[in-house]
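The values are calculated or read from the model by the stated rules, or taken from the named source; none is laboratory data. This is a predicted model, so every value here is computed, not measured. Positions of Cβ are generated from backbone atoms using ideal geometry, with glycine treated the same way; all protein chains shown enter the neighbour counts.
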């Protein structure tokens, strides 16, 4: 791994070099500053999979899942798939500012530059923007591989462009301009995000395995997989981390789910990632998790320090319903539920590991994402598969293109 | 099953009698009318698991996932777990209307009446309401089993109360006042929801198995489970149906994940439900689904008629990026992606069934929910487990209470 860093972006593990790239950070900051001057009421992120999951993960972790409703300066909308009702709602939302003197910034993101859904949605949103703004080009930023067809088109149209280093794959690209530009525009401290990632990266490339948390966790997961546990449950005890779970779902599924191993032998291998939210999903999944088959390995994630806390107010009569929580803080109740859950797992011999984030700051989230990316690379090595390709995705895309070109 | 209907609410399958209960519907409508007169800016639903998953499912399917942001008369917030940051955000959102002359309706829902998180959040939200409204009782509705401690407290405080029939378990309760009251207050046609459910119910209790869609689908799933597929993926090609997936996740996990079978033999049986969204998750999960192990059975769900459609506008230069979509409608693109995906699954011998909803109307959603509930009951019979209990949930709750009472 240390080797990979010296090779920078010419190595398949290129993503671990992103936290060191001062040049990239300064280019992103420049465009963030520029677009911030437009005082956008909305940022529309057009991208899917690796092009938006990391951004949603960090945005919700740092700013909260109810962010848009809390009336921030810049709201964010994600146009990911070609769902006509959803895209129509997005158009409805951005129309009022466009009709008046508000502004809307659009970030179109596609590594290949040819993602069907992204191009469709990008054209639709740009068309709306163009209807209201003659200088609509000033409100558009394109993030893509340098020299992709989308890149060339963006240059031709006069959009700002940001480059994804070629060897950085979509699911490893959250710390590239893919995540950094939209997050920066929303006021997230992207310097701190990268700092956190760099800190974790340095711990996780340590060659002494026993001192390397990513290597240790990968080994544990590998051993459980070998014992027949084909499901990995990321059980996050924090509402705002649900999208970190969805980001990890892609990372694990695409990196490890493989038809062939590195020796081109057919293996049809893979671990199915699931996302659970504590304590919410204890009320929907705990019966299965504690009574069902021993086919899962669980990773609990919690947050040590929330941004706020509230005490249960000891209203008259309610002690009859739940005496043990009166006067306690919500955080203390949540911590007790996690502790109670771990005890139940232990008693029932349900295997798990645990990670605690100090808080939901940019630095902590950056650390966690970097840790999971390197852990996944190690898991790929242990499973003897290539954690950087996704050859089987082509099959449905090919069929889809064929259907569309005949329609 | 026909038998169960004649027994009404005295049978464990009581939930299938809900669509016939005119008395319940009229009681719910009465309180909906009453609270609508308050012109609430917010409805806060305090409940978790079976007490809110069905409501969220129907609300988002019918009104859309971006509903709150589209500036409706009554917005809805769900207080499910004791996440201090999330609950704090909810308090922030309801404060402006409370400070002025707006109103906020609170629906506290707990079947047992003693759910830890629900009681904690209920007290916190009520405390806020009480601070601003002397007659705060008028803004509160409690839904619970008749005679539960919460029921008695609600009567004592002068809150409106709605009853959950005792034999209707949480995960089967969406068509009871648990779902009907909040949905009705948001303007959803609950009569149509029940009508749809009744239509599906009558099809799904048909004793000739070959004419019974729920029995057929349950049998197919059962056979695939027996062949070692321990994961069931509900793959919904519609953004607004994601929470229908989350509702089904509880239904399947709690109903079928069991330590003991009906003969009290330890079996540790269960199917792990996952939720995927098309086409979004093709960009995160397709590599695993098409390249990984043959450990899944998939159920595709799509919507025939969306509420709106939009054409890709043929902007200059974009045909270079994706020629096959220019001028096509988003719905046609989505349909092609689903068709392409099914072809890829077929070629790769990945087993699936498919359901198409005519639209996202109350009637169609009601049909689908009722269909899945009866299918799950049949699956329980086939697996020889009790689909109505959840004994293992007690273990973590016991541990949690112990920790909290020592704190």
Residues of region A:299-335 classified as more than 7 Å from chain B (Cβ to nearest Cβ) and within 30 Å of residue A:214 (Cα to Cα), total: 8
Counted residues, region B:336-347 - those being touching a residue at least 40 places away in the same chain (Cβ under 8 Å), more than 7 Å from chain A (Cβ to nearest Cβ) and under 15 Å from residue B:291 (Cα atoms): 2
Of all residues making up region B:78-114, the number that are touching a helix residue (DSSP H, G or I) at 6+ places or on another chain (Cβ under 8 Å) and facing another protein chain (nearest Cβ under 8 Å): 15
Test: residue A:284 is at pLDDT 95 or above, under 24 Å from residue B:274 (Cβ atoms), surrounded by 18 or more Cβ atoms within 10 Å (Cβ to Cβ) and more than 8 Å from chain B (Cβ to nearest Cβ): no
Subset of region B:125-137 (residues that are buried (at least 18 other Cβ atoms within 10 Å of the Cβ) and either more than 11 Å from chain A (Cβ to nearest Cβ) or in contact with a helix residue (DSSP H, G or I) (Cβ under 6 Å, 6 or more places away or on another chain) (or both)): B:128, B:129, B:136
Residues satisfying the stated conditions in region A:143-152, i.e. outside any helix (DSSP H, G or I) and buried (at least 24 other Cβ atoms within 10 Å of the Cβ): A:143, A:144
Selection from region B:255-270 of residues that are more than 7 Å from chain A (Cβ to nearest Cβ) and surrounded by 24 or more Cβ atoms within 10 Å (Cβ to Cβ): B:255, B:256
